[in-house]
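No value in this document is a laboratory result; all are computed from the given coordinates. Note that this is a predicted model, so its numbers are computed, not measured. For neighbour counting, all protein chains shown are included, and Cβ atoms are generated from backbone atoms with ideal geometry for every residue, glycine included.
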Ligand SMILES: [Zn+2]
């Protein structure tokens, strides 16, 4: 029986000055582009860098235009939050330009008192989460934008998206039908959706792209293809092209990058089951054995419980990795009290004595890679990976 | 049975209770299962308990601990518990996790679970709830 742990009240995320930043800066994601960073725990300062160095830039832009407006800090916060949402989809060299164009967009919207971006974000989210299958629920205008967008896809992409999203055919079946593999089908599906998102936004907003390069840049952003972003110098393009800068926000600031990723909010017991089932479902698209899938689900269950018990609130992001090897990565973030001695928390005896249960050391044993980054008073991020060895 | 809409069913067979888990359970549902079982052991004066977990998706540290607790509470009330149906992949993950059902007897399936109990606890005709 786990002793009821003394759980300090969880800070509820609000628009208060920068609480999200402190949480997100401990995330190990942004600093790396490839592979796990062996130094992530000790090097949490390095991981903090990408966002903290943006704060003065964003402040300067916002304050230069709003002066002492009491809303200025809110807009800085909103900008940083958007940048953080996009951080693992863009190349590191793009962070600054993206932050700048985002700050400008946020300001422009503020002045226009308009909600267009929010609307777009909502749309992009609908496409990403529900797929066009829910288009019956969309307003007529949206439905025709979706029809237009679908018509811009290649025959093959359109057939794939419709089969998967509308008819609900799973990737394994599609692969068998085409003599392909589920992984290849999922990758193609994800590229097709990246295109669809762009075409949808263009149709919905009645926007014409001003330069021949625009579409390629937007595609690299939508597909979260960092290498392609570098090749195209997408960073520079965003600073020079207003249209792409406008479109980049809804493209990047969505809750779900692609078919290969799912985010589960964690706050109550039932979320633990939701998270582990989502992880199993997503991982099953690779060629993991039933045993490996249960192992992954068990590890997710352990870390999700840690969030519920010790932080009260957080999220778990499950993502399929294709390169350098196939695998599934799980990132669990919370903004809870943090762990003072992470090394000790990973030691069996200590954990049990101190009410942490088997959660962290257990999950570590179940997975191939495991990193724990925690800042007392700020939050904890666990990143763990299971490689698909088949 | 107060275990909600068919997440778990608890059946009586003479002096045994047979709990079948039908789906993944979250922590509060595990606790409810524990409470229901312990309550019914007392009410029906059961001397044997079988918990069939074949439908559980995982047995993580909390699930395993709860099963062990149920067995211990049942023991204190004079009933022997056996857990049946742990799937091979679930068992593998439990071992890797470093979590067993330490000391709780297990059997492959319901049939073997019944055989296990029959060999150790005399199954007697049911007397019905106290105060009947
Ligand atoms: Zn452009």
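Below are the figures for this structure:
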read-out	value
Percent of C-alpha pairs per 10 Å bin, the range B:8-119, short to long	15, 53, 29, 3
For residues of B:49-62, the mean tally of beta carbons on other chains within 10 Å	5
With Cα atoms, 0 to 90° folded angle of helix B:61-76 axis to chain B main axis	20 degrees
Helix B:27-44 vs. chain B, principal-axis angle (Cα, 0 to 90°, nearest 10)	20 degrees
Sorted peptide list for B:26-39, A:221-234, criterion being average Cβ within 10 angstrom, highest first	A:221-234, B:26-39
Cβ-Cβ FRET estimate between residue A:169 and residue B:28, R0 fixed at 56 Å, reported to 0.05	0.95
In Å, descending, principal axis extents of the Cα set of the range A:158-231	41, 28, 15
Inter-chain shielding of B:110-122 (mean C-beta neighbours from other protein chains, 10 Å cut-off)	0
Per-residue Cβ neighbour rank within 10 angstrom, fewest leading, A:295, A:263, B:66	A:263, B:66, A:295
Per-residue [θ]222 nm for chain B (sum of -39500 (n - 2.57) over DSSP H runs n ≥ 4, rounded to 500)	-13500 deg cm²/dmol
Neighbouring partner chain Cβ atoms per residue of A:287-297, average, 10 Å criterion	5
In degrees, nearest ten, helix B:88-97 long axis to first principal axis of chain B (Cα)	70 degrees
